[in-house]
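Please read the structure below before turning to the comments.
The values are calculated or read from the model by the stated rules, or taken from the named source; none is laboratory data. Just so it is clear, the model here is predicted, and its values are computed rather than measured. All Cβ positions, even for glycine, are placed from backbone atoms using ideal geometry, and neighbour counts span all protein chains on display. Heavy atoms of the whole protein, side chains included, go into the accessibility calculation; ligands, DNA and RNA do not. Shrake-Rupley method; radii C 1.70, N 1.55, O 1.52, S 1.80 Å.
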Amino acid sequence: MEVNCEGCAGCCLDWKPLLEETEGGTARRARGSFGDGEADRRVPLDDDPNFVPLTREEVRTFLERGQAAALTPRFWHAREENEGVEIDGYRVAAVAGRPAFFVGLRKPPKPVAPVGRSEPSWLPTCVFLDPTTLQCRIHDTELYPDECSAYPTHNLALEHETECERVEAAAGGERLLDRDVEHEPESLLLGVQAIGEKLFCHPDPDALEGLIRRCANGDLTAADRAECLAVAAASSPGTLATSDHHYEWGRERALAAMVDGDEPARNDDSSWVGPAIREWHRRRTAADGAVPSADIAAAIETARGAPETPGWDALE
Ligand code: SF4
């Protein structure tokens with residue numbers, strides 16, 4: 001498999017608004033499906049078309065590194081009456097009565113010019129994407145998600161359409177240069193294998209009252225996200241069991257890294273992530289439709305400590 005990513009970033013942000021702008025069209029796109037790979041997919045409560053699900057170990061690493069502010073849960077609408085639980089007026093997909101969820105990366109609005117565009121637009125963009133180079137700030141680090149390193153191999157192995165092909169169809173160019181996959185990726189977790197490893201199950205549906213409504217409305221609080229990260233960190237692969245010790249550890253770490261408001265995070269390896277996300281949302285609201293240059297990322301992200309990216313010339 002070989003891909004041409006320069007000037008694209010189609011799998012790192014939501015470029016659907018560009019399609020709607022130019023064609024009035026909508027495209028069905030989904031990377032993180034329930035159980036990752038089931039043929040008939042459930043509909044998520046959120047509207048992120050290429051959510052990046054993390055494993056339990058990855059969630060723990062983000063917590064250890066003070067990067068919990070980068071993470072958010074994904075829940076789904078139940079497909080059938082008897083597979084879900086009712087919370088806040090939503091029938092939420094569940095396993096054995098336990099609401100099921102992924103944990104993945106947040107997408108604040110950033111001014112980006114993806115899929116070969118020359119002018120930037122405000123688009124929901126992975127917290128770790130450098131909007132100036134369209135490169136990943138955590139590539140080749142311990143935080144880089146398996147899901148990203150394997151993309152689009154998973155889709156090719158499952159014979160699903162790739163984001164590369166959607167970009168080619170919508171914007172032209174050649175993105176997927178070689179589609180041969182020699183081996184099925186090791187991290188491909190399907191169905192029950194995903195439980196406790198990538199698909200987490202909340203042991204107490206009552207604790208999610210209010211959270212599910214906020215999740216569907218796109219206004220989760222730091223405490224909401226901390227609750228889900230703690231359960232993910234406390235999960236056990238292949239079972240519905242959770243560890244009280246890891247739950248408490250995860251919740252404490254998450255809350256320490258996710259301070260609402262503008263003060264810095266309260267732990268030693270305090271992250272640029274939370275303050276940068278808040279600042280992107282503030283700028284997007286204040287911009288009133290105007291789109292600034294992607295260069296403002298220097299003040300919003302790198303000045304706060306975000307790792308720089310090398311640019312494409314350096315990779316040639
Ligand atoms: S972590 Fe990096 S590669 Fe993965 S979606 Fe975010 S920017 Fe893209």
- Rounded to the nearest 10 Å², the accessible area of Trp122 at probe 1.4 Å: 30 Å²
- Message: At 1.4 Å probe size, what's the solvent-accessible area of Glu142? Round to the nearest 10 Å².
- Response: 110 Å²
- Task: Ignoring everything but the protein chains, give the 1.4 Å probe accessible area of Phe101 in square angstrom, nearest 10.
- Result: 0 Å²
- Extending each Cα 7 Å along its Cβ direction at Thr285 and Trp312, get the distance between those two points in nm, one decimal. 3.5 nm
- Exposure ranking of Asp219, Asp313, Asp48 by accessible area [1.4 Å probe, largest first]: Asp313, Asp219, Asp48
- Query: Rank His139, His77, His202 by accessible area, highest first, at a 1.4 Å probe radius?
  - Reply: His139, His77, His202
- Item | Accessible carbon and sulfur surface of the chain relative to its total accessible area, %, 1.4 Å | 45 percent
- Task: Just report the Cα centroid separation between segment 220-235 and segment 101-171, whole Å.
- Result: 24 Å
- Message: Using 0.36 nm times the number of residues separating Ser236 and Ala299, minus their current alpha carbon distance, what extension gain do you get?
- Response: 18.6 nm
- Once Rh is set to the Kirkwood radius over Cα pairs, what Stokes-Einstein translational diffusion coefficient, in µm²/s, holds for the chain at a temperature of 20 °C and a viscosity of 1.002 mPa s? 107 µm²/s
